[in-house]
Structure formats: C-alpha cells, structure tokens
Amino acid sequence: MSRPIQAHIDLAALRNNLRVVRRATPARVMAVVKANAYGHGLLQAAEALNDADGFALLDARDGVALREAGFRQPILLLEGYFSRDELPLLAEYELTTVIHSQQQLAWLDAYPRSNGLSVWLKLNSGMNRLGFSAQEFPAVMERLKSHRAVRDITLMTHFAQADEAPGVTAQHALFEQITANRRLPRSLSNSAAILRHPAAHADWVRPGIMLYGSSPFADTSAQALGLQPVMTLRSELISVRDIRAGDAIGYGATFRAERAMRIGTVACGYADGYPRHAASGTPILVDGQRTRTLGRVSMDMLSVDLSALPDARIGSRVVLWGEGMPVDEVARAAGTISYELLCALAPRVPVSQA
Ligand SMILES: *Cc1c(COP(=O)(O)O)cnc(C)c1O
C-alpha cells in the first residue's frame, strides 16, 4: 500500500454542472478549462464536458492537445498569443484567439500568411487587466474587420464584481455602448454573471468554477445552486493518540489542549495542496463525520480532533474537501477561494476518476 492520499474526480458531477449552466442560459457555452481544468485534469474534464460548445484555456499547447484528442469545438486562448511565433500554430490547429493589446495587433500585421483566424476582441470595461480601452476599441474593431488574417470576430469583456455588490451594471453598460449595432457575437459572463446577471449572457457564456461544483458567491452554497462537487480530496488517518491537558500539537505549538483529548494524524499536508493557512478549526470529515483540524498544517500531515469519534483508528477515511465537505468552506477557513485550492492540487497526489 502506498500513501493513502488520493483525489477523486466525479465526471458525472461535471456533466451535472454543465446541465446547470444550460438551464441558466440559452447562450452557447465556452467551458473554461484553464489551469488544467482548475486542477481536475484537462483531457478528462474536456471529455466529460464534450457537450460544451467550446473550450477556453491559456496555453496554445493545451489547445493543440485538445485538438489532437479529437475535439472539434472552438478552442479559445483567453490571453491570446504571447509572441508572433505562436501565430502559425494557431492557424494550423484552428485555435481561436483573444486579442487584447496593440502589441498583439502589431504581431498580427507582421504575420505573412493570410488565413482565417477567429478572434475574440477584448474590451477593458473596468477590470484594467487586459483589453483595449473604450477609446481604442472602435478603431481596432474596424481594422480587424478588414484584416486579411481575420475570419470572424466576437466581442468580449470580463467582469470584476459579478459575484458581489455593485455587480456588473457599469461594465455591462459600457460594453453595450461600445458594441451596440455591430451585429457581432458577444461574450461577457463568467459563472457569477451566468447565475446572477442574465441580462449579460449575450451569445457566449464562459463558466469556470461552477462547472467544478463550487459556488462563485460568498453568500450562497454550491448545493443551493444545484452544483455537485467534482473533486474529492481523500486520505486516511495514519496515527491516533490521546493527549493530556496542556499538550501542544504540531509546529509552533499553536494549538494546546485544554483537556485530555484524542487526536489523529492525516496523511495530507501543504505539499499535497492543502492550504497551510487553514487555521485550527477548519472543517474536515473523518469516517463521514464532521470534525476540525488542530494546529498548523505541516508539509505532509495535519492533525484532527477525534474527541467525538471514539471509533476512529488508523485507516479511518478522511475527506479534506469534496463530497460531504464543501471546498468553499475549507477555502473560507483558509482565507482564500475554492479556485486556489482546486488549482493547487499537487502533482504528487494520485488522481482517480469515474
Ligand atoms: C477564468 C475566466 C472565466 C471563468 O471564471 P469563473 O469565475 O471561474 O466562472 C471566464 N472568463 C475569463 C476571461 C476568465 O479568465
């Protein structure tokens, strides 16, 4: 037997979550599979999401991998090309590209081949990360319309606060104003906007986190949204002991027992992707029962409270997050968001799927 930690990927849950997107919108669905499908494994996630109308990711080589695996949908590079050298690859594999900067336009102008690139032209509507300003945008749009290398154009922007107040109103209004009457397909919405801002669905939506079964909102659980967890991070107890009042646990002795208690050691640590910032009290399942972590998370282990689990023993099953233990709750306890935990699953953790 090897170290008992494992991540299980529930492909049926992934398909369920895509159906939740479909029920929320008639728009075409560009499934976001960047960051190795948010840590879930690019190819297996794409396979389960094969009904999606397109896939969005960052690295052209990942787009090529999807093409070579037989996917025929549009594959969108969310940051476009990072140098002129990538353009032939985009053409060869029919990868759709975001264009967000004058630099990318200059590379396109210098590209000798004339061919049918599909372009998603990005407006910076307030995020101030990528995209052309409202002033530049109309002229760039006209230029691309008559560009010899461009076959078709979709207009896009990205929301900074779709998940919270004040919402998308200002960014949406600016996008509408700049793109009105252009009769080009448009795309604005991430998961939060898909669920809360139907007026911004337009022609293509771009769900990421909701496909993986996590809530984009701080105030609403994934379950309440009909989403099912896709990744379950499991391990086992590898040590169990009784400690006395006054005994401390782990590095820094940050947890000290107020009374005699039974504790366990789980084979999972920050080198597996579990957040070291998760403080004592982070929820965790042992033998299907909710308990809490104790003390600091170490590289390869963490400690749990077994006071209410007299039958727990070496080999008892532990769920760090996933089925029965929402990753959103663990993320909150660690002062972060589910996205970061899912993406940070370490390569050393074996992954199974069904
Ligand atoms: C990551 C990303 C998304 C998906 O966002 P979620 O919040 O995970 O739904 C959509 N659009 C763009 C441009 C992105 O970078």
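Of the residues making up the range 327-348, those that are away from the ligand (no atom under 16 Å from the Cβ) and either farther than 16 Å from Ala35 by Cα or hydroxyl-bearing (Ser, Thr, Tyr) (or both) are Glu329, Val330, Arg332, Ala333, Ala334, Gly335, Arg348.
Here is a yes/no grid of residues against (1) surrounded by fewer than 18 Cβ atoms within 10 Å (Cβ to Cβ); (2) within 24 Å of Pro216 (Cα to Cα); (3) more than 17 Å from the chain's Cα centre (by Cα):
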| position | (1), (2), (3) |
| --- | --- |
| Ala12 | yes, yes, yes |
| Arg19 | yes, yes, yes |
| Ala27 | no, yes, yes |
| Ala31 | no, yes, no |
| Gln44 | yes, yes, no |
| Ala48 | no, yes, no |
| Glu68 | yes, no, yes |
| Arg84 | yes, no, yes |
| Leu95 | no, no, yes |
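Residue check: Ala199 meets all listed conditions (1) among the aliphatic types (A, V, I, L, M); (2) without any contact (Cβ under 8 Å) to a residue 60 or more places away in the chain; (3) not in a helix (DSSP H, G or I) but one, namely (3).
Under the condition of being open to solvent by 10 Å² or more (accessible area, probe 1.4 Å) and among the β-branched types (Val, Ile, Thr), the residues counted in the range 169-183 number 2. Checked against the criterion of being assigned by TED's automatic domain parsing to the domain that holds Asp51 and crowded, with 17+ Cβ neighbours inside 10 Å, the candidates Leu123, Leu89 yield just one match: Leu123. Scan the range 27-73 for residues that are assigned to a loop (DSSP other than H, G, I, E, B), away from the ligand (no atom under 14 Å from the Cβ) and not small (Gly, Ala, Ser) and the total you get is 6. With respect to Ala278, determine if the residue is within 28 Å of Ser2 (Cβ to Cβ), free of Cβ contacts under 8 Å to residues at least 60 places away in the same chain, aliphatic (A, V, I, L, M) and crowded, with 17+ Cβ neighbours inside 10 Å. For Ala278, the condition - within 28 Å of Ser2 (Cβ to Cβ), free of Cβ contacts under 8 Å to residues at least 60 places away in the same chain, aliphatic (A, V, I, L, M) and crowded, with 17+ Cβ neighbours inside 10 Å - is met.
When the range 202-233 is filtered for residues that are touching a residue at least 24 places away in the same chain (Cβ under 8 Å), touching an Asp or Glu at 6+ places or on another chain (Cβ under 9 Å) and either away from the ligand (no atom under 12 Å from the Cβ) or hydroxyl-bearing (Ser, Thr, Tyr) (or both), the ones remaining, listed by number, are Ser214, Ser215, Ala218, Ser221, Ala222, Gln228, Pro229, Val230, Met231, Thr232, Leu233.
The values are calculated or read from the model by the stated rules, or taken from the named source; none is laboratory data. Quick caveat: nothing in here was measured; it's all calculated off a predicted structure. Glycine gets a Cβ as well: all are built from the backbone with ideal geometry, and neighbour counts include every protein chain shown. Side chains included, ligands, DNA and RNA excluded: accessible areas come from the protein's heavy atoms. Shrake-Rupley method; radii C 1.70, N 1.55, O 1.52, S 1.80 Å.
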